[in-house]
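Have a look at the structure below, then the notes.
The values are calculated or read from the model by the stated rules, or taken from the named source; none is laboratory data. The model shown is predicted, which means the values in this text are computed figures rather than measured ones. Here the Cβ positions follow ideal geometry from the backbone for every residue, glycine too, while neighbour counts run over all protein chains shown.
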Amino acid sequence: MLKTRLIACLLWRNGMLVQSMGFSHTNSVGSACTAIDFFNTWAIDEIVLLDVTRNPDDREKFHHDLKELSKRCFVPLAVGGWITSLEEIRVLLTEGADKVVMNTEAIRNESFLQDASRKFGAQCIVVSIDVRCDEKGEHIVYIDRGKERTKWSAVEWARRAQELGAGEIFLTSIDADGNRKGYDLELINLVSHTVSIPVIASGGVGDWKHFREGIESGASAISAANIFHYSEQSTKKAKDFLFDNGFNVRKPEFYNILLPRRPVYRV
């Protein structure tokens, strides 16, 4: 039986990590290098790195940072934000990404998602689905960083994304994002029971018990961002909680990892 993965989501903007609340990115919480160094040793299973910069003009800096971060990252690394071409995917993979996370372009151009899956393999393609509840309580998919409403319900688009070749779904409730009140459990339940590919729950974690609720609602993996930045040994504590409560997670242990250092040459 596959183990449930614990995933740290890092939101990169102009070289720093930021918090998110309802997809509004607030204060900086430090550098990505420091975060990855800690998560490497704190029993995290995977890391998702998303470029949430509002303007793609800083993309060159993101690529530079990714190359440096990937040297330090010893767990699977999924990278997303501003992905609109197969060439961009190829570049990200050569720079150290293990998977790519696509959102807006996958909906605007379904053939892009299909072509990406065929060229790089479904295991490499994560489709990010951002969702708001409308006045009728329907879960509606939004794109362009939560600004544009689409015709798709969360269930319909998840099903279609799987048909087009998505290997995983990164499912985020915009309404829950940053509120620390827990995941949208109804959303997780609906989507995870619609598709056969893994569903990663995201948005709203404020307590370790919220991870438990996400798993019980059907998520194959649970993810969080803000909560991990303000607690020493945060991801290990989250893993301890799940392990102690009988969930099938990788045993939480500290890992001693030799991080990249500048070489010292003797003459």
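A few notes on this one:
- Single residue of Ser223, Ser196 found to be in a loop (DSSP other than H, G, I, E, B) and small (Gly, Ala, Ser): Ser196
- Residue, farthest from Arg159 (Cα to Cα), within the stretch 226-244, restricted to residues that are in a helix (DSSP H, G or I) and free of Cβ contacts under 8 Å to residues at least 12 places away in the same chain: Asp244
- Subset of the stretch 36-51 that is out of contact with any strand residue (DSSP E or B) (no Cβ under 6 Å at 6 or more places or on another chain) and of a type in the set (A, V, I, L, M) - its residue that is farthest from Ser20 (Cα to Cα): Ala43
- Among all residues of the stretch 89-97, there is at least one that is touching a strand residue (DSSP E or B) at 6+ places or on another chain (Cβ under 7 Å), crowded, with 18+ Cβ neighbours inside 10 Å and farther than 27 Å from Gly178 by Cα.
- Against the conditions (1) modelled with pLDDT of 90 or more; (2) farther than 25 Å from Thr172 by Cβ, Glu253 satisfies every one except (1).
- Leading residue by the ranking (farthest from Glu87 (Cα to Cα)) among those in the stretch 102-152 that are exposed (fewer than 13 other Cβ atoms within 10 Å of the Cβ) and small (Gly, Ala, Ser): Gly137
- Residue that is farthest from the chain's Cα centre (by Cα) [pool: residues in the stretch 28-53 that are under 20 Å from Val100 (Cα atoms) and part of a loop (DSSP other than H, G, I, E, B)]: Thr53
- Val75 being among the hydrophobic types (A, V, I, L, M, F, W, C), in a loop (DSSP other than H, G, I, E, B) and surrounded by fewer than 19 Cβ atoms within 10 Å (Cβ to Cβ): yes
- Qualifying residue in the stretch 54-72 (condition: surrounded by 15 or more Cβ atoms within 10 Å (Cβ to Cβ) and part of a loop (DSSP other than H, G, I, E, B)): no
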